[in-house]
1. Can you compute the modelled spin-label distance between N201 and K19, with each label point 7 Å from Cα toward Cβ, in nm?
2. Could you line up Y224, Y155 from fewest to most neighbouring Cβ atoms inside 10 Å?
3. At a Förster distance of 41 Å, what's the computed FRET efficiency of D6 paired with D223, Cβ-Cβ distance as r, to 0.05?
4. Can you give the FRET efficiency for A185 and L77, using 1/(1 + (r/R0)^6), R0 = 22 Å, r = Cβ-Cβ distance, to the nearest 0.05?
5. Within the chain, which is the longest segment containing none of the trypsin sites (Lys or Arg not before Pro) that sit in a DSSP loop and have at most 14 other Cβ atoms within 10 Å?
6. Sequence gap at least 6, Cα distance under 8 Å: using those rules, report the relative contact order of the chain to the nearest whole percent.
7. Whose amide H sits under 5 Å from the amide H of S56, counting only residues 5 or more places off or on another chain, with H placed in the peptide plane?
8. Out of residues 5 or more away from I215 or on other chains, whose amide H comes under 5 Å of its own, with H placed 1.01 Å from N in the peptide plane?
Amino acid sequence: MIQMQDVKKTYPNGVAALKGINVDIKPGEFVYLVGQSGAGKSTFIKLIFREEIASSGTIKVNNKDLVDMKWKDVPMLRRDIGVVFQDFKLLPKLTVYENVAFALEVVEQSPRQIRKRVMEVLDQVGLKNKARFIPDELSGGEQQRVAIARAIANYPKLLIADEPTGNLDPDTSWEIMKILEEINASGTTIIMATHSKEIVNTIKRRVIAMEDGLIVRDQYRGDYGYEN
Ligand code: ADP
Ligand code: ADP
C-alpha cells in the first residue's frame, strides 16, 4: 500500500523534518505512528496524500509513484485515501448529513446513490439519528465519528488518522478505536499517529516509532515505548 525509500523532507525554512525514511506498509495493516512532538509524524502523513512533496527519495502509495505525480493526478490519488484529524475539520454550517454527502458529491454520484451511502456510513458510526444536526450540536466524540464517516464514504483503501483521539476523553477514545478497528477488519489499511500509550499498549498492532526525522523502531505488535 505504501513504500518509501530514503525519503527526506526539508521545509523551505531549512528544517529537516524527515531525514531518510524507509518503510513498507502492506494492504490491510493497522499501523500506529508514535514519537514525540516534532519527530516528523505529521510530515510523514502529509507526504502520503501529497499535502507535502518529498525533497528526495521515492514514495509509492497504492502503486502510484508520488514523486513523478502531476498535480492533475493528485485528486485521483486522494480518492483512495480518507483522512481524519485531531480537530475533526467538519464544515460548521452544514449538517452531519451534508458534511458526509459533500465528500461524495465531488465524486459525481447520483443523488440516490449519495443518499444511500451517506445513511449507510452514518449508520456504521452510530449517528444515523443525528443526520440533521450541525457539528456544534454534537459532542467531540460524535463529531469525530462524523469525520470518520466522511473519510470512509468513498470506500478508501487507506485511512489516515492524525491523533484522532487527541481531543477526546478516554471512554470516547475507545469508542473511536472500536470504529477504526471495524473499518480495518473490513480490509482498509489504517495509519494512525497517536500519543495514547493506553491505546497502543492495549490494542496491539504494528508500531512505527519516529525520532528526529527517522524511524527508530518498527515492531509488529509493539509497545508505545514512551512514558506518555
Ligand atoms: P510531529 O507530527 O511528529 O509533531 P512534524 O512533522 O509536525 O512532527 O514536524 C517535524 C519538524 O518539521 C518539526 O521541527 C516542525 O517544526 C517542522 N515543520 C513541520 N511543518 C513545517 C512547515 N510547514 N514549515 C517548516 N517546518 C515545519
Ligand atoms: P430511515 O432510513 O431510518 O428512514 P432516512 O434515510 O429517512 O432514515 O433519514 C434519517 C435521517 O436523515 C432523518 O433525520 C432525515 O431527515 C435525514 N436525512 C435524510 N436525507 C437527508 C438529506 N438529503 N438532507 C438532510 N437530512 C437528510
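Bear in mind these aren't lab numbers, they're just calculated from the coordinates by the rules spelled out. Because the structure is predicted, anything quoted here is derived from the model rather than measured. As a convention, Cβ positions derive from the backbone with ideal geometry for all residues, glycine included, and neighbour counts pool all protein chains shown.
1. Distance between label points: 2.8 nm.
2. Least crowded to most crowded, the residues run Y155, Y224.
3. 0.90
4. Result of the calculation: an efficiency of 0.35.
5. Numbers: sites that count: K70, K89, K93, R132, K204, R221.
Segment 133-203 is the longest.
6. 28
7. Under 5 Å from the amide H of S56 lie the amide H atoms of K8, each far enough along the sequence or on another chain.
8. The list, which skips near neighbours in sequence, is N22.
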